[in-house]
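Single-structure report; data block below.
The values are calculated or read from the model by the stated rules, or taken from the named source; none is laboratory data. Everything numeric in this text was worked out from a predicted model, so none of it was measured. Using ideal geometry, Cβ is built from the backbone for each residue, glycine included, and neighbour counts are taken over all protein chains shown. Side chains included, ligands, DNA and RNA excluded: accessible areas come from the protein's heavy atoms. Shrake-Rupley method; radii C 1.70, N 1.55, O 1.52, S 1.80 Å.
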Amino acid sequence: MTEKTALTPATHTTPPAKFSHGVKKGNILQVAGQVGFLPAEEGKAPTPAGPTLKEQTLQTFANVKAILEEGGASWDDVMMMRVYLTDVDHFAEMNAIYNEYFEGQGLKEAPAARTTVYVGLPKGLLIEIDALAVLS
């Protein structure tokens, strides 16, 4: 049986509860919901990348990517992404940021499937993203 391994890149703080930022078992890698926190600094509480949707979305992508890479995956391995927004009015802007970001990633495979839902997040956070990857 394949071992299940927790993934926590050096850029991430220890999760605030009993969960892993990412988990890999065999060729499956699940990235937990990530938000736009800046990379971890010793002894400091996590802080958002900035107040704008663009700043937080780009940092959230960087945080998801760090976990994918920690597990030996890339955006090309991602099968499904879920985007959680706090404001329905952000959907069009998020799509534009999403498209621009992935146009610059040089994907060689089909883009991941995606679902977008609207949720409540802690104050100041505008977006959260999780991802499921299958490594070849």
### Summary
So the number of lysine pairs in the chain with alpha-carbon atoms under 27 angstrom apart, 8 or more residues apart or on different chains, is 19
### Message
Given a 1.4 angstrom probe, I'd like the percentage of the accessible area of segment 16-95 that is carbon and sulfur, rounded to a whole number.
### Response
57 percent
### Task
With N denoting the number of residues in segment 13-80, provide Rg(C-alpha) divided by 2.2 N^0.38 Å, to two decimal places.
1.16
### Query
Using modelled amide H (1.01 Å from N, peptide plane; none on Pro or chain starts), what sits under 5 Å from the amide H of MET80, excluding residues fewer than 5 places away?
ALA113, LEU132
### Summary
One finds the C-alpha centres of segment 71-110 and segment 33-70 to be spaced, in Å, by 15 Å
### Task
For the chain, just the Cα set please: Rg and Dmax, both in angstrom.
14.5, 46
### Query
Where the only charges are on Cβ atoms (+1 Lys, Arg; -1 Asp, Glu), what is the dipole of the chain about its Cα centre, to the nearest 20 debye?
420 debye
### Query
So what's segment 73-136 giving for Cα Rg divided by 2.2 N^0.38 Å, two decimals?
1.19
### Local net charge near LEU68, Cβ-Cβ under 12 Å (Lys/Arg +1, Asp/Glu -1)
-3
### Task
Over segment 1-59, average the accessible area per residue using a 1.4 Å probe and give it in Å², no decimals.
63 Å²
### Query
Normalised by the number of residues in the chain, what is the relative contact order in percent for Cα pairs under 8 Å and 6+ residues apart?
31 percent
